[in-house]
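The values are calculated or read from the model by the stated rules, or taken from the named source; none is laboratory data. In this text, all values refer to a predicted model and were calculated from it rather than measured experimentally. Glycine gets a Cβ as well: all are built from the backbone with ideal geometry, and neighbour counts include every protein chain shown.
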Amino acid sequence: MRRAIPILLALCALIAPLVLAVSAADKIRVVTTIPDLKALTEEVGAKLVDVESLARGTQNAHELEVRPSLMLKLRRADILIENGLDLDSWAEVAVQGANNSKIVRGAPGRVDVSRGIQVLDVPGTRVDRSMGDVHPLGNPHYSLDPGMAPIITQNIADGLARFAPEHRATFEKNRQAFLARLDEAMARWTKALEPLKGAKVVVYHPQWIYILHRFGLNQAAALEDRPGIPASPAHLTRVIRQMKEERIKVIIVEPWNDLKLATRVADEAGARAVVLASMVGGVKGADSYIAAIDHNVNALAQALR
Ligand SMILES: [Zn+2]
């Protein structure tokens, strides 16, 4: 009997990694283009999914270099979740290099979460990338507006359930639990920004229109001449003049923008440049969906006060 225990332990040690390996292999392999969608997919899929994001939170999601490492991630994916609205059109190049029929456009494993989003900043006239404008289909930066999370997570849950219909109820239960937590946070954010309703801000890149609208704040100008087009001196002079005239106190900057330039403009206008998390993981501490919005709302409220 005494000899049986070490044998049993040895057996356990042998089997445990096998069990782990099997459960990892059982998970639905999801790749998302941006980390906001990774965070939301993990809320909906929880233990049933293994999620990787192609872009990191500090990067400019408009311009990701498509490397072989991205294609490798996509090669083994069951599902690819994308932001759409031309933000992550580089993903198409990576998909073509990945040779995975599950995630080609039109396949059930390709999920565009912009379905059902009411798009803002849709250009009145036709613009395309040859003019340098990176928002040809309207503003694609809706993912960190908490009011959009119900639609995005619905699209994610539908996509996951297409792949694993037997888990549909679990995805929906996880989604509802997350949305309940988000609702609580929403009350906190609304309270923090309520006294600042109507305040104007200047943005570096027009990344914030959805969340500004949500809480009754206004984008007065952008430092970029047009979305994706670097600021010209003449344009900056106009913005500084406008900021002084309208007493605008804040310039919102993304982690990938030229902070020195934004700070110089802010100094001249008597304002402050504030770096917000343009995506989950964009700044320290913004490592979940709710934490990223917490950071942004608090930083904004503090700067505007
Ligand atoms: Zn943009």
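Points worth noting:
- Test: residue in segment 221-229 that is over 18 Å from Pro146 (Cβ atoms) and in contact with a Leu (Cβ under 6 Å, 6 or more places away or on another chain): no
- If the condition is being in contact (Cβ under 8 Å) with a residue 24 or more places away in the chain and closer than 23 Å to Thr41 by Cβ, then segment 257-286 contributes Leu276, Ala277, Ser278, Met279, Val280, Gly281, Gly282, Val283, Ala286.
- Residue selected from segment 195-204 under the condition buried (at least 16 other Cβ atoms within 10 Å of the Cβ) and outside any loop (DSSP other than H, G, I, E, B), by the criterion farthest from the ligand (Cβ to nearest atom): Leu196
- Any hit, segment 102-119, residues being of a type outside the set (Asp, Glu), within 16 Å of the ligand (Cβ to nearest atom) and surrounded by fewer than 16 Cβ atoms within 10 Å (Cβ to Cβ): yes
- In segment 122-133, the residues that are among the β-branched types (Val, Ile, Thr) reach residues that are modelled with pLDDT of 75 or more with C-beta atoms within less than 6 angstrom, at least six apart or across chains, in these pairs: Val122/Gly138; Val127/Asp133; Val127/Pro136.
- Total residues in segment 205-245, condition surrounded by 14 or more Cβ atoms within 10 Å (Cβ to Cβ), assigned to a loop (DSSP other than H, G, I, E, B) and away from the ligand (no atom under 16 Å from the Cβ): 2
- Boolean, Ala94 is under 27 Å from Pro206 (Cβ atoms), in contact (Cβ under 8 Å) with a residue 24 or more places away in the chain, buried (at least 24 other Cβ atoms within 10 Å of the Cβ) and over 18 Å from the mean Cα position of the chain (by Cα): yes
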